[in-house]
Amino acid sequence: MALAALMLASTAQAKTPKGKAAHPDDKRTQVVLKTNLGDITIALYDETPLHKENFIKLVETHYLDSLLFHRVIRNFMIQTGDPNSRRAEIDTPLGEGGPGYTLPAEIRFPQLFHKRGAVAAARTADAVNPEKRSSGSQFYIVWGMDFSTAELDDLTSQLEARSQGKVKFTDDIKKSYVKHGGTPHLDGNYTVFGEVVEGLKVVDKIQNVRINDFDRPWDEVRILSASIIKK
């Protein structure tokens, strides 16, 4: 399921942040994705209960086990969750698979936004999905671009004008994007339902792998298993 998003150019270079360990007082449900390149720990947001419940179900039924990161775009995001990827040959088109259902959008912008490490649901394009309903299983982890203050101000001004004011970036969000990077052009259009709390170095490793013309890694990057580590 391809993301219906326009990739915006930036002259900024991506930096490699240190993986952020979970805070001991963090009471959110957490999931660890064990991949062949390392572990990624995700905290699920209580503010998006439908997506949280669905993701827990996917994990507990082992739906995500053995799935590929089938779409990887450097300085943008890494995407997984297509059940057709489990045994797919390298030339097999991927991105259309799912559990047979979609989820209502739970877009909580500006509270939740596409900072580096954000976890969000993939979906089909507005032309066929005006309600912005989420895929039942496909999701992406944001890497994104780094921005100077001037670059971010210019970009957010364009995005606010394009949305006719429906998407408005606060000063705190702008500061976060300048400090951490991300994909602000996706804000207000996709449901962000979690964030990476440990393993950003692994996300960086994945987003830098060699890919083919379909944005699929030549060397498989696979979720070996997914499990709940805190409820």
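The values are calculated or read from the model by the stated rules, or taken from the named source; none is laboratory data. Remember, it's a predicted structure, so these values are computed and weren't measured experimentally. Cβ placement follows ideal geometry from the backbone for every residue including glycine, while neighbour counts extend to all protein chains displayed.
Determine which member of the set 196, 209 is within 18 Å of the chain's Cα centre (by Cα), within 23 Å of residue 32 (Cα to Cα) and buried (at least 18 other Cβ atoms within 10 Å of the Cβ). Can you show your working first?
Numbers: 209 fails: buried (at least 18 other Cβ atoms within 10 Å of the Cβ).
After ruling out the rest, the residue left standing is 196.
Kindly evaluate residue 25 against the criterion of being at pLDDT 95 or above and either touching a helix residue (DSSP H, G or I) at 6+ places or on another chain (Cβ under 6 Å) or assigned to a loop (DSSP other than H, G, I, E, B) (or both).
no
Considering 162, 216, which residue is buried (at least 21 other Cβ atoms within 10 Å of the Cβ) and of a type in the set (Lys, Arg)? Break it down into steps so the answer makes sense when it comes.
Values: 162 fails: buried (at least 21 other Cβ atoms within 10 Å of the Cβ).
Unique residue meeting the criteria: 216.
Residues checked against (1) under 19 Å from residue 143 (Cα atoms); (2) charged (D, E, K, R):
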| site | (1), (2) |
| --- | --- |
| 29 | no, no |
| 33 | yes, no |
| 51 | no, no |
| 56 | no, no |
| 72 | yes, no |
| 84 | no, no |
| 91 | no, yes |
| 97 | no, no |
- [ ] Would you please name the residue that is farthest from residue 144 (Cα to Cα), looking only at residues in the stretch 28-54 that are among the hydroxyl-bearing types (Ser, Thr, Tyr) and either in a loop (DSSP other than H, G, I, E, B) or free of Cβ contacts under 8 Å to residues at least 12 places away in the same chain (or both)?
- [x] 29
Task: Qualifying position, being assigned to a loop (DSSP other than H, G, I, E, B), at pLDDT 95 or above, among the small types (Gly, Ala, Ser) and under 30 Å from residue 171 (Cβ atoms), among 12, 105 - done: 105
Task: Residue list for the stretch 36-54, restricted to those being closer than 19 Å to residue 82 by Cβ and either more than 16 Å from the chain's Cα centre (by Cα) or surrounded by fewer than 17 Cβ atoms within 10 Å (Cβ to Cβ) (or both) - done: 36, 37
Open item on the list: Would you confirm whether or not the stretch 153-168 contains a residue that is touching a helix residue (DSSP H, G or I) at 6+ places or on another chain (Cβ under 7 Å), over 30 Å from residue 101 (Cβ atoms) and hydrophobic (A, V, I, L, M, F, W, C)?
Closed with: yes
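Consider residue 175 carefully, then state whether it is at pLDDT below 95 and of a type in the set (Lys, Arg). Step through it out loud before you land on a result.
Working: at pLDDT below 95: no; of a type in the set (Lys, Arg): yes.
Answer is no for this residue.
Of all residues in the stretch 55-101, count the ones that are of a type outside the set (A, V, I, L, M, F, W, C), part of a helix (DSSP H, G or I) and crowded, with 22+ Cβ neighbours inside 10 Å.
Filtering the stretch 55-101 for residues of a type outside the set (A, V, I, L, M, F, W, C) gives 57, 60-63, 65-66, 70-71, 74-75, 79-87, 89, 91-93, 95-101.
Next cut, part of a helix (DSSP H, G or I) only: 57, 60, 83-85.
When the remaining residues are screened for being crowded, with 22+ Cβ neighbours inside 10 Å, the result is 85.
Qualifying residue count for the region: 1.
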Open item on the list: If the requirement is being buried (at least 24 other Cβ atoms within 10 Å of the Cβ) and either farther than 23 Å from residue 46 by Cβ or of a type in the set (A, V, I, L, M, F, W, C) (or both), which of these qualifies: 140, 177, 190?
Closed with: 177
